[in-house]
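Each reported figure results from applying straightforward, stated rules to the coordinates on display, with no laboratory input. Quick caveat: nothing in here was measured; it's all calculated off a predicted structure. Every residue, glycine as well, gets a Cβ built from its backbone with ideal geometry; the counts of neighbours run over all protein chains shown.
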Amino acid sequence: MLLLPFPSLMRNLQQIQAILIFPFLFSSVAVKAQDPTAPMEKKEQEALYFAIQGFVGKSWNGSELYPDPCGWTPIQGVSCDLLDGLWHVTGLSIGPVMDNSLGCTTDADFTPHLFELKHLKSLYIFNCFSDPVNHSINIPSKDWEQLSGSLKTLELRSNQALASEVPAGLAGLSNLQSLVLTENRLTGELPQELGNLIRLRRLVLSGNQLSGQIPASFGHKMTELLILDVSRNALTGPLPSTLGGLRSLLKLDLSNNSLHGKLPEELGQLRNLTLLDLRNNKLTGGLSSGLKGMAKLQELLLSDNPLGGNITDFPWEEMRNLTTLELSNTGLSGSIPESIAGLKGLKFLALDNNQLLGGVPSMFETLPAVGALYLNENNLTGQLGFSGEFYERMGSRFAAWGNPNLCYSAPGVVSTGHGPVGVQQCKGGQGFPAAAGAGLDGDDGGGVSGQSSSPVASFASTAKSINVFLGKQLVTVLFVAVIVR
C-alpha cells in the first residue's frame, strides 16, 4: 500500500514533526535566572561565535550582536547551563525553525570550533545545508570523541546537501541517547560501530540513500534502544536475527527498502514492541509464528511484500492489542479467520490484493473501534452480512470490490440508501451475485438489479474504485504516518 499519491501531505507532516520535536528551541537560555551576571569563559564564548559563523556566514558578528550570549543578550537557539559559577553552552540549534532562528548561508559548513564546546548536550541542525549541486557537505568523520562526555542528542534533519556517509566516528559519542539523521542524502553502508552506542534510545536514519545490509551489531549491546527507524532507504539483505536482542524496543520501522528473506523467529523476542513496519520490501516465507511473542504489538504493517502463505496458519487470537493490521498485496491465501474479526481493539484492517477465499465474517460489524476495512481484489465469495447502517458509517473506508463472486443483500441497504461500492446485489435473496451488469449503482455505490453495464456506468464504477483507493491511502496516513517513532 503505497503513500505516493500524497507526497505533499507527507512532506507537510514531516515538517510539522520536525518542529514539534524541538520543544527546547523556544527558550534560548536555560536556568538564566540563577545568576544573570555570571561570567563565561572567553575561549568557550569565542568557540561559540566561530561555530555559529560556520553555519550562518562570516558576516555574522556575534561578539558585537551578542556580547553576553548566556546572559542579557541571549542568542535564539543557544541554551546555557550554570556550572561552578560559570555559564556553559549546552544546546545549539541551527536552522529555520522560528522567524528569529539562526538561518544558514549557502556555503554553511561544520567548523572545528564546534567540538570545543565541551559541555554541549544537544545539537540540532535543520534544513541548513540546502544546495546539493553547488555545495555538498560531509558530516565530520572525526573529533566527535571530544564531545563524548556531554553530547546526548544529535539531530541533523532535512539537509539536502548533506551527502556523505554516516561516519563511524559517531560511535565515539559514548553518552549519546538520540541519533536522528533523517531526510538528508546520506549514502553508503551503515557502520557496524554504531552498535557500540549502548546508551542510545532513539536511532532514526530514515529518508536517505543508505545501502547495504543492516549490521548484525544492531542488537548485541543496544539494550536501551526504544526506537529504530531506517525506513525509506535502499537497504538490502535479510533481517538480522540479532534484532531480537533489542529487548526494550518499542518501534521498529524498516519500511520502503529492498530487504529480502524470511522474517526471523527472533523478532518474537521483542515483547515490548508496539509498532512493526516492514512495508514495501521483498520479504518472503509467510507470516512467522514467532511474531506471536509480540504481546504488546499494536500496529503490524507488512503490506507490499511477497510473503505468501496461508493467513489461517497464524495464531491471530494471541495478538490481542492489535489496532492496525496491514497485509495488503502480500500473496496471502486461505479464508479470513474469525480470530481476526475477534480482535476487539482493531481500528484499521487491510487485506486487499491477495488470494483470499471464502466468506467475510459478519463479526467485523460488531468491532467497536473499526474505522477502515479493505477486502477488495481477492477471491472472496458468498454474501456480505453487514447492515446498511454499517455501509453508511464506513463509506469509502469499506472496500470489497474486485471479488466477482461476492454479493450483498438488499433489505438493509434499501432502507439507508447506502451499499458497498462495486459489489453486486445477491440474486433472489441467495448468496449468489446477480447477473453480469447488475451490480454497480451510479448514485450510492450499492448494486441494483437490472442496471445497464453501459460505458457510462463502467466509467462511474472505475471512478468510484479510484476514490476508494485514494480514501484508503488517506486513512493509512492518518492511522500510521509520522509517529514520533
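For the peptides 244-250, 138-144, what is the packing order when you average, over each peptide's residues, the other Cβ atoms within 10 Å and list the highest mean first? Numbers along the way, then the final one.
Details: 244-250: 19.4, 138-144: 16.3.
Ranking the peptides 244-250, 138-144 by packing returns 244-250, 138-144.
Find out how many positive minus negative residues lie around Gly293, taking Lys and Arg as positive, Asp and Glu as negative, among other residues whose Cβ is under 15 Å from that of Gly293. It would help to have the intermediate numbers written out before the result.
On the way: positive: Arg247, Arg271, Lys292, Lys296, Arg320; negative: Glu265, Glu266, Glu317, Glu318.
Local net charge: +1.
Within the set of other residues whose C-beta is less than 11 Å from the C-beta of Gly54, count the net charge using Lys and Arg as +1 and Asp and Glu as -1.
Counting the neighbours of Gly54, the net charge comes to -1.
For Lys43, give me every one of the aspartates and glutamates with a C-alpha distance below 17 angstrom, ignoring sequence neighbours fewer than eight places off in its own chain.
Leaving aside aspartates and glutamates fewer than 8 places away in the same chain, those within reach of Lys43 are Glu64, Asp68, Asp81, Asp84, Glu116.
Once you treat every alpha carbon in the range 79-132 as an equal point and sum by Debye, what is log10 I(q)/I(0) at q = 0.12, 0.15, 0.24, 0.28 Å⁻¹?
-0.33, -0.50, -1.01, -1.15
Would you mind checking the pairs Lys118/Lys152; Lys121/Lys296; Lys121/Lys251; Lys118/Lys142; Lys118/Lys221; Lys58/Lys142 and listing those with alpha carbons more than 21 angstrom apart?
Working: Lys118/Lys152 12 Å; Lys121/Lys296 33 Å; Lys121/Lys251 24 Å; Lys118/Lys142 15 Å; Lys118/Lys221 26 Å; Lys58/Lys142 24 Å.
Checking Cα-Cα distances, Lys121/Lys296; Lys121/Lys251; Lys118/Lys221; Lys58/Lys142 exceed 21 Å.
If I take every Cα pair under 8 Å that is 6 or more residues apart in the range 23-176, average their sequence separation and divide by the length, what percent do I get for the relative contact order? Intermediate results must be reported in sequence, preceding the final value.
Working: 316 pairs, mean separation 31.8, N = 154.
About 21 percent, as a whole number.
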